[in-house]
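Just below is one structure, and these are the notes that go with it.
The values are calculated or read from the model by the stated rules, or taken from the named source; none is laboratory data. Keep in mind the model is a prediction, meaning the values are calculated, not measured. All Cβ positions, even for glycine, are placed from backbone atoms using ideal geometry, and neighbour counts span all protein chains on display. Just so you know, the surface numbers come from the protein's heavy atoms only, side chains and all, with ligands and any DNA or RNA stripped out. Shrake-Rupley method; radii C 1.70, N 1.55, O 1.52, S 1.80 Å.
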Amino acid sequence: IAVGKLLEGLPAKVPGIEQRTFLQEVISCYRIEAFRAAVVMAWNLAFDHLLRWVLADGKRLASFNTAIGVRYPKKSGLVVGDFDDFEELKEFEAIEVLNTAGLINGGVVKILKKELDRRNSAAHPSAIVVTQHQTEDTITDLVNNVILKH
């Protein structure tokens, strides 16, 4: 019930049409108990939100670009200028760069790494069971600690 209310109140707080589309898919998947899909879409929503948050501010973007070369010297020539440029980084690498740049704190890094691992487990065929409780944990963690804070 709490997760359902959290999700229903979120559309008004989500700024972009792309993110609202992801959110609608999270809600739809959760309601029909497609928990693997809900985990994947919740990750997509949070990660998309975080990248757009970086792009929305010149200072954040400059810090991110500087941190790319610090964290990954072999990628020091990479400069992110628009959303498509993020494709040059794996999701894990983007998290590490955000941390190196000081744009997210250690607690958020831990949450993102945990939820990326869960997303990977949910997204790939396996015998791993994704329960409602795990899905609710993923959604509430990502919404409360990434989407609503950044």
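The fraction of accessible area contributed by carbon and sulfur in segment 1-130 is 56 percent, rounded to a whole number (1.4 Å probe; ligands and nucleic acids excluded).
Mean separation of Cα pairs under 8 Å and 6 or more residues apart, divided by the residue count, gives segment 63-102 a relative contact order of 50 percent.
Computed over protein heavy atoms with a 1.4 Å probe, the accessible surface of the chain works out to 52 Å² per residue. Each residue, residue 13 and residue 74, gets one label point 7 Å from its Cα in the Cβ direction; the gap between the two is 3.9 nm. When only the Cβ of Lys, Arg, Asp and Glu is charged (+1, +1, -1, -1), the dipole of the chain relative to its Cα centre reaches about 360 debye. In the chain, Cα pairs under 8 Å separated by at least six residues give a relative contact order of 30 percent.
In the chain, helical runs assigned H by DSSP with n ≥ 4 each contribute -39500 (n - 2.57); averaged across all residues and rounded to the nearest 500, the mean residue ellipticity at 222 nm is -21000 deg cm²/dmol. Residue 126 contributes an accessible area of around 60 Å² to the protein surface, as traced by a 1.4 Å probe with all chains present. The heavy atoms of residue 53 present about 50 square angstrom of accessible area, all protein chains included, probe 1.4 Å. Cα-based values for segment 1-65, radius of gyration first and Dmax second, are 13.5, 42 Å. Solvent exposure of residue 124, expressed as accessible area, is near 110 Å², computed with a probe of 1.4 Å over the protein chains only.
Along each principal axis, taking the top coordinate minus the bottom one, the Cα set of segment 29-98 gives 44, 24, 17 Å in descending order.
Determine which residues of segment 102-134 fall in the zone a paramagnetic label at residue 33 would reach in this model, i.e. backbone nitrogen under 11 Å from the point 7 Å along Cα→Cβ. Within reach of a label on residue 33, which here means backbone N under 11 Å from a point 7 Å along Cα→Cβ, segment 102-134 contributes 132.
Counted residue by residue at 0.36 nm each, then reduced by the alpha carbon distance between them, the extension gain from residue 149 to residue 84 reaches 21.1 nm.
How charged is the neighbourhood of residue 39? Take every other residue with its Cβ under 9 Å from the Cβ of residue 39, and add Lys/Arg as +1 and Asp/Glu as -1. Walk me through the numbers on the way to the answer.
Values: positive: 36, 118, 119; negative: 115.
Cβ neighbours under 9 Å give a net charge of +2.
Between residue 5 and residue 132, the modelled label-to-label distance comes to 1.7 nm, taking each label 7 Å out from Cα in the direction of the beta carbon.
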